[in-house]
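Written out below as structure tokens is the structure these notes cover.
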Amino acid sequence: SLPKQVKIVEVGPRDGLQNEKENVPAEIKIELVNRLTSAGFQNIEAAAFVSPKWVPQMATSADVMAAITRKPGVIYSALTPNMVGFEAALAARADEVVIFGSASEAFSQKNINCSIAESIARFEGVAKAAKEQGIRLRGSISCAFGCPYQGDVPLDAVADVVGRMRDLGCDEIDIADTIGVATPRKTQAVMERAIGEFRVDGLSGHFHDTYGQALANIYASLELGIAIYHSSVSGLGGCPYAKGATGNVATEDVLYMMQGLGIDTGIDLDIVVDAGQFISQFLNRKGASRAGNAIAAK
Ligand code: HMG
Ligand code: MG
């Protein structure tokens, strides 16, 4: 049987917006996060303390974190690739820091400019500091299902990085399909290996929808008992280091599916649809959520 409840982590303000060419002002990001907070998410990825030379769109992260209206109990997460990022996240009162590695050597180099082994060594300091400060620690594993640079990613490589993230003390570990290439059986093969290394209730599925497979892959993961999923309002996004990859699976689509399956998320779909309309209008484009567009057209 499928989980009765799932946690949806809204990653639109970070993963969704990081790849936008046009600068999105902090006020817009703040308004977006506030709307998402009022929709009922327990966890919103709101910031990335990364090099502004590498990802200029995230340069306003401190301003965003300072001005959002925080709801008690909601976790506002920030990406932190190293101690510089961690110190900034700490100052910004992030509730959770995210160390982000990769199951693909090639992608690790392109994305964070170091090997997988070097990244784990860097993360040790961040993990230790997070524990000392009592901040939640999440580990994100890119290219767990395929890599834009090296193609196939062995299951053993995924299992290995999951084990390393576990040993660093991660509270939660994301298995990410950065370029959206997975299909349901492949998803289950990867997730089964992840479950072999980490508690199933701490694993999350982070699916991009490049090939239109994300909802099917979420369903396949639900069948294995995975109960945390990442999604992006209006299907915003893409990764600057994964050319051609589209956004995360759209939150509205995921919520619509969960409602139909009778799975509780605690999130108000109509407020998410409005938030999706808000950001799509700002970006001057039609939203990428099928459910969102259908509901908005009613
Ligand atoms: P580097 O150039 O190797 O780092 O970058 P460095 O330590 O040599 O530092 C170089 C310069 O960057 C220095 O400044 C540092 O101070 C500065 P300079 O002296 O030249 O003026 N610097 C920083 N500035 C701000 N914040 C920091 C920071 N660290 C160093 N934290 C680094 C290494 C990791 C920093 C760089 O490669 C980087 O920022 N990469 C960006 C990676 C990124 O944000 N990717 C997108 C997010 S990951 C993703 O989307 C995947 C995910 O969604 C899951 C999935 O779908 O797969 C999570
Ligand atoms: Mg992503």
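The values are calculated or read from the model by the stated rules, or taken from the named source; none is laboratory data. Since the model is a prediction, treat every value here as computed from it, not as a measurement. Please note: Cβ atoms are built from the backbone with ideal geometry, for glycine as well, and neighbour counts cover all protein chains shown.
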- request: Give region 129-158 a look and list any residue that's closer than 20 Å to Thr80 by Cβ and free of Cβ contacts under 8 Å to residues at least 12 places away in the same chain, or say none.
  value: Glu132, Gly134
- line: When region 98-118 is checked residue by residue, the ones that are farther than 21 Å from Ala88 by Cα and of a type in the set (Val, Ile, Thr) are Ile116
- prompt: What's the number of the condition Val11 fails, among (1) at pLDDT below 95; (2) within 15 Å of the chain's Cα centre (by Cα)?
  reply: (1)
- line: Selection from region 21-60 of residues closer than 27 Å to Met257 by Cα, within 16 Å of ligand 1 (Cβ to nearest atom) and surrounded by fewer than 24 Cβ atoms within 10 Å (Cβ to Cβ) yields Asn43
- request: Please go through region 223-239 and pick out each residue that is assigned to a helix (DSSP H, G or I) and closer than 18 Å to Glu252 by Cβ.
  value: Val233, Ser234, Gly235
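Matching residues to (1) small (Gly, Ala, Ser); (2) surrounded by 24 or more Cβ atoms within 10 Å (Cβ to Cβ); (3) closer than 18 Å to Glu31 by Cβ:
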site: Tyr229; (1), (2), (3): no, yes, no
site: Ser234; (1), (2), (3): yes, yes, yes
site: Met258; (1), (2), (3): no, no, no
site: Gly266; (1), (2), (3): yes, no, no
site: Leu269; (1), (2), (3): no, no, no
site: Phe278; (1), (2), (3): no, no, yes
site: Leu283; (1), (2), (3): no, no, yes
site: Lys286; (1), (2), (3): no, no, no
site: Lys298; (1), (2), (3): no, no, no
- request: Residues being more than 16 Å from ligand 1 (Cβ to nearest atom) and in contact (Cβ under 8 Å) with a residue 12 or more places away in the chain: count how many of those fall in region 237-261.
  value: 7
